[in-house]
Amino acid sequence: MEIFHIAAECYPAAKVGGLADVVGALPKYQNSAGHLVSVVLPRYETKFINENEFDCVHSDFVKLGNFNFPFNILKERTGKLGYELYLVEIPELFDRKEIYGHEDDIERFVSFQIATLDWINTRTAMPDVINCHDHHTGLIPFMMMYANKYEKLKDTPTVITIHNSIYQGQFGFDKLYYLPEFDLSKVTLLEWDNRINSLATAIKCASAVTTVSPNYLNEINYSAYGLESLFNLVRYKSRGILNGIDMEVWNPATDKMLEKNYSIKNFKKGKQENKEKLCAEHNLDPTKPLFSFIGRLLEEKGADLLPHAAAMSLSENYKEINILVLGSGNTEIENQLTHLLTSFKGNYNAVIGYDEALAHQIYAGSDFLLMPSRVEPCGLNQMYAMRYGTIPIVRRTGGLKDTVIDFGDNGNGICHDQASVGDICYSIQRAVNLYKDKKKINDIRKKGMAIDHSWESVCQEYIEGYNLILNKNEG
């Protein structure tokens, strides 16, 4: 089976969040299972892209309404990622380091989608399945079915994988002329709430819809930022598939970013050495339990609760705990977290930004990982944490509910129900008490490390879904 994954992010080429990790791992495992898999994403000015070699395999102009932009399709030369990586190079729109946050993001991602289809349309053989990821690729199923110039693509099945329904790629009908000429009787498929909505369009037009956890599929039927009724309508073609993690990249036994490698057999000594190194670098006390947060500093992640919760927990425990934050996002939250440095020096630190190596070190050196998310469609951090013997403290939502069971129920983590300062502080206090019981905490660590969150079984679920829509088309 030939499979194309089209996305805005793919680790290690371009990463903002979990989307990149999924698009970087799933294709590798599908390829290992015997399928021919390619990933297509824009060419950004990232370190990986600039340091690796690509061959130009196609050149043309992409028409965006009244504008024409030259574009190239670049193919990674070595195949070292375990799949074929293609970059859509549109210099006037994507020659920037930042992936998102530009005033012309609509123009950028619409042109990316059109250029991708223009190139695929020139191929002799069409892919068996095109798997789109999030709203940045949400117009592709519609254009394949109804744009006149993609006639030969209209029978190719498509899947839209939803990593987060908050972001929907909405824009006004004044930009309808950006799209290639299509059957105007189908224009309502583009509309949701009187605007063009890229995610809603994909949900309507794709052959199948997947979400990144079973529980998130249930949640979006009653909480999906205005798309609830649409998700209910397409439930018949939807399935929730829990993400996996790349067990080769996230392996404490071989991870080159760690001070000391370790496995489930010697994790106590290994984690302690990593904790000592981490604490020394961030002015923390390695004899005390270390609570960490890694992620975007946004309300959806519950990050706005962190400054108050950290201050309360550090005060209530007489500074007998350590808290370390790694992340960036909302400027006000960043400032609040930085301000805490003046009050809790020696027990608290915050690194504003993102550092992949430091993230690995934090997973290895921490005792607990805080994830008080308001929204977490799947969540990968809790899986990374458990893989490294770090106990996740999570709010029961989305994929966190699917993957973490409270230790009070003989589970692998600490859970709370509300995204609130009180629930976070109460969970931290439970963790402090647990930390004193060395046998119990080590049993929970071992339980988390033993869980198989690999992509092999996840990969098979995607293939089963592809086969269903392929068989339906043939029928």
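The values are calculated or read from the model by the stated rules, or taken from the named source; none is laboratory data. None of the values given here were measured: they were computed from a predicted structure. No Cβ is skipped: glycine too gets one built from the backbone with ideal geometry, and neighbour counts run over all protein chains shown.
The sole residue among ILE424, ILE391 that is within 21 Å of ASP304 (Cβ to Cβ) and crowded, with 21+ Cβ neighbours inside 10 Å is ILE424.
Yes or no, residue by residue, for (1) more than 28 Å from LEU74 (Cα to Cα); (2) of a type in the set (A, V, I, L, M); (3) surrounded by fewer than 14 Cβ atoms within 10 Å (Cβ to Cβ):
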site	(1), (2), (3)
VAL110	no, yes, no
LEU117	no, yes, no
HIS135	no, no, no
ASN148	no, no, yes
ILE160	no, yes, no
GLY172	yes, no, yes
GLU181	no, no, yes
SER198	no, no, no
ALA202	no, yes, no
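Annotation: GLY79 fulfils all but one of (1) of a type outside the set (Ser, Thr, Tyr); (2) at pLDDT 95 or above; (3) closer than 22 Å to ILE130 by Cβ; the unmet one is (2).
Of the residues examined, LYS288 is not one that is among the basic types (Lys, Arg) and closer than 19 Å to GLY422 by Cα. Of the candidates PHE142, PHE109, the single residue that is at pLDDT 95 or above, aromatic (Phe, Trp, Tyr), within 21 Å of the chain's Cα centre (by Cα) and outside any strand (DSSP E or B) is PHE109. Applying the condition of being within 20 Å of the chain's Cα centre (by Cα) and not small (Gly, Ala, Ser) to segment 126-138 and asking which residue is farthest from TYR100 (Cα to Cα) yields ILE130.
The single residue among ASN72, ASN68, ASN121 that is surrounded by fewer than 13 Cβ atoms within 10 Å (Cβ to Cβ) and either in contact (Cβ under 8 Å) with a residue 12 or more places away in the chain or outside the structural domain of ASN330 (by TED's automatic domain parsing) (or both) turns out to be ASN68.
Return yes when GLY379 is in contact with a helix residue (DSSP H, G or I) (Cβ under 7 Å, 6 or more places away or on another chain) and at positive phi and no when it is not.
yes
Return yes when GLU248 is in a loop (DSSP other than H, G, I, E, B), acidic (Asp, Glu) and touching a helix residue (DSSP H, G or I) at 6+ places or on another chain (Cβ under 6 Å) and no when it is not. No, not satisfied.
Considering each residue of segment 211-219 in turn, none proves to be more than 30 Å from GLU456 (Cβ to Cβ), at pLDDT 95 or above, touching a helix residue (DSSP H, G or I) at 6+ places or on another chain (Cβ under 8 Å) and surrounded by 21 or more Cβ atoms within 10 Å (Cβ to Cβ). Scanning segment 220-248 for residues that are in contact (Cβ under 8 Å) with a residue 24 or more places away in the chain, closer than 30 Å to TYR388 by Cβ and surrounded by fewer than 18 Cβ atoms within 10 Å (Cβ to Cβ) turns up ARG239, MET247.
ASN442 - would you say it is modelled with pLDDT of 95 or more, surrounded by fewer than 16 Cβ atoms within 10 Å (Cβ to Cβ) and in the same structural domain as PRO157 (by TED's automatic domain parsing)?
no
For segment 333-350, the set of residues classified as aliphatic (A, V, I, L, M) and buried (at least 17 other Cβ atoms within 10 Å of the Cβ) consists of ILE333, LEU337, LEU340, ALA350, listed by residue number.
Of all residues in segment 402-422, those being more than 15 Å from PHE368 (Cα to Cα) and part of a helix (DSSP H, G or I) number 6. Residues that are closer than 15 Å to ALA14 by Cα and of a type in the set (D, E, K, R) within segment 85-135 comprise GLU89, ASP95, ARG96, LYS97, GLU98, listed in sequence order.
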